[in-house]
Amino acid sequence: MKRISILGSTGSIGTQTLDVVEHHPEQFIVEGLAGGSNLQLLIEQVQKFKPRKVSISTQSLAEQLAPYVPEGTKVYYGDEGLVEIAAGTDADYIVTALVGSQGLHSTLAAIEAGKHIALANKETLVSAGHLVTAAAKRRNVMLLPVDSEHSAIFQCLNGEGTGDVRKITLTASGGSFRDRTREQLHGVTVEQALQHPNWSMGAKITIDSATMVNKGLEVIEAHWLFGLDYSRIEVIIHPESIIHSFVEFNDHSIIAQLGNPDMRVPIQYALTYPHRLSNPSRPLNLAEIGKLHFREMDFDRFPCLRMAYDSGKAGGTATTVFNAANEVAVDRFLKGEIAFLQIEDIIARTLDKHETAADPDLEQITAADAWARQTARNI
Ligand code: NAD
Ligand code: MG
């Protein structure tokens, strides 16, 4: 049996993780759950999975939660509560399913406590990839990818040495506006941006898919997870999201991982690696699908992806700033305060103003993140 805790249990990845747990009750024990502000759902989860510890974002929500938790479940709140769920239980695996670089401190705390990380919260690797990967190496814990593209690459590399890899290619659906020209992006609404063609996900990542920032974050995530130079990480548009990503080896053999788009597959693989169990997802029927399509990535159409590569190559605090500026811009867009195309503008102008610091420590990362947020807000 594996003991797990989930940071962000009430979100899209969090609820799908609990779905996987429910399908294999003999495999998993839930030690801790941390949620943001969805009190009702967290109550239901706590009553069903009876974790030792639960945390919610504020003290007042914790007071409302307390009367409903089963005997033996301790209630925590705020940033300290999050760290308690990350590092203060008997869990062997922590699923990081928070959204944004706010997940960095709890992820580092979990690693320091020797927990393996099932990593969904890609912003932590984008913001401070060198610190997270160095800590994981030092503490000898695994960073197991949950992101579907990275799970695919991880599966393709099973038993292969990265020295034999020529390049990896991440597939991108293209998001909700993939068939629009740049001119046709003027005046698009939040509701339209939230209509992802293939995946049902949290709001922030759905907007990131429409701007192609998500693929940019994933390129940087892949750089840190697989230790590959940016020149060996490519992106291709694949509207069906059936091939989740692929690896090309030195002999030009390509190994790809396929499946219907369902996050429960990569979530489960991260938690059962190196074993494979049955899964509630629908099996893939290629004859039914008939055709798969691919097109070259257009960096003029999706300038955010170019900015992500440039930030990644610049290294240091550049990716921290790229990520934080985007978080602010997406938040403003979701609130209806800025137009869709202003997201890329805010990121570009924040990056322009930034003096990149090489090899930053945690304090410098935190400062760069705060600076980028303030700068993006002012813009
Ligand atoms: P989401 O918005 O659906 O869920 C985020 C969760 O974090 C919620 O449960 C929220 O309550 C919780 N949360 C937010 N602030 C908190 C705080 N301060 N303390 C405790 N909990 C807090 O987001 P999501 O779509 O599940 O994405 C989570 C992460 O996984 C993101 O980094 C995203 O990029 C990544 N990811 C998601 C998908 C997907 O299919 N949804 C796929 C690949 C990667
Ligand atoms: Mg992905």
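The values are calculated or read from the model by the stated rules, or taken from the named source; none is laboratory data. Not measured: the values here are computed from a predicted model. Here the Cβ positions follow ideal geometry from the backbone for every residue, glycine too, while neighbour counts run over all protein chains shown. Heavy atoms of the whole protein, side chains included, go into the accessibility calculation; ligands, DNA and RNA do not. Shrake-Rupley method; radii C 1.70, N 1.55, O 1.52, S 1.80 Å.
Quick grid of which residues meet (1) within 23 Å of residue 221 (Cβ to Cβ); (2) part of a helix (DSSP H, G or I); (3) outside the structural domain of residue 319 (by TED's automatic domain parsing):
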{"site": "63", "(1), (2), (3)": "no, yes, yes"}
{"site": "66", "(1), (2), (3)": "no, yes, yes"}
{"site": "70", "(1), (2), (3)": "no, no, yes"}
{"site": "75", "(1), (2), (3)": "no, no, yes"}
{"site": "82", "(1), (2), (3)": "yes, yes, yes"}
{"site": "90", "(1), (2), (3)": "no, no, yes"}
{"site": "114", "(1), (2), (3)": "yes, no, yes"}
{"site": "128", "(1), (2), (3)": "yes, yes, yes"}
{"site": "133", "(1), (2), (3)": "yes, yes, yes"}
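Residue-level analysis places residue 243 among those that are closer than 15 Å to residue 150 by Cβ and either touching a Ser or Thr at 6+ places or on another chain (Cβ under 7 Å) or at pLDDT below 95 (or both).
In summary, residue 204 fulfils each of the numbered conditions (1) within 16 Å of the chain's Cα centre (by Cα); (2) more than 16 Å from ligand 1 (Cβ to nearest atom); (3) of a type in the set (Lys, Arg) with the single exception of condition (2). The set of residues in segment 332-363 that are in contact with a Gly (Cβ under 9 Å, 6 or more places away or on another chain), of a type outside the set (Ser, Thr, Tyr) and open to solvent by less than 80 Å² (accessible area, probe 1.4 Å) comprises 339, 340, 357, 360. From the list 83, 95, 99, the lone residue that is in contact with a Ser or Thr (Cβ under 6 Å, 6 or more places away or on another chain), within 16 Å of ligand 2 (Cβ to nearest atom) and of a type in the set (A, V, I, L, M, F, W, C) is 95.
Residue count for segment 120-142 satisfying the condition of being more than 10 Å from ligand 1 (Cβ to nearest atom), under 23 Å from residue 204 (Cα atoms) and among the hydrophobic types (A, V, I, L, M, F, W, C): 2. Which of the residues belonging to segment 253-274 are open to solvent by less than 50 Å² (accessible area, probe 1.4 Å) and part of a strand (DSSP E or B)? Scanning segment 253-274 gives 256, 257.
Comparison of 223, 196, 238 shows that the only residue that is within 15 Å of ligand 2 (Cβ to nearest atom), at pLDDT below 95, open to solvent by less than 50 Å² (accessible area, probe 1.4 Å) and not hydrophobic (A, V, I, L, M, F, W, C) is 196. The set of residues from segment 125-180 being of a type in the set (Lys, Arg) and either surrounded by 23 or more Cβ atoms within 10 Å (Cβ to Cβ) or within 20 Å of residue 209 (Cα to Cα) (or both) comprises 178, 180. Can residue 186 be described as more than 12 Å from ligand 2 (Cβ to nearest atom), at pLDDT 95 or above, surrounded by 16 or more Cβ atoms within 10 Å (Cβ to Cβ) and of a type outside the set (A, V, I, L, M)? Answer is no for this residue.
For the criterion of being among the aliphatic types (A, V, I, L, M), touching a strand residue (DSSP E or B) at 6+ places or on another chain (Cβ under 9 Å) and part of a helix (DSSP H, G or I), residue 42 passes. Of the set (1) farther than 11 Å from residue 168 by Cβ; (2) in contact (Cβ under 8 Å) with a residue 60 or more places away in the chain, all apply to residue 219 but (1). Looking at residue 372, is it open to solvent by less than 20 Å² (accessible area, probe 1.4 Å) and either in a loop (DSSP other than H, G, I, E, B) or within 30 Å of residue 266 (Cα to Cα) (or both)? When the stated conditions are applied, residue 372 does not pass them.
Candidates in segment 47-61 are the residues that are open to solvent by less than 50 Å² (accessible area, probe 1.4 Å) and in a helix (DSSP H, G or I); of these, the one that is farthest from residue 37 (Cα to Cα) is 49.
When residue 136 is tested against (1) more than 15 Å from ligand 2 (Cβ to nearest atom); (2) closer than 18 Å to residue 14 by Cβ, exactly one condition is not met: (2). Per the listing 175, 159, 227, the residue uniquely within 20 Å of the chain's Cα centre (by Cα), on the phi > 0 side of the Ramachandran plot, more than 16 Å from ligand 1 (Cβ to nearest atom) and of a type outside the set (A, V, I, L, M, F, W, C) is 227.
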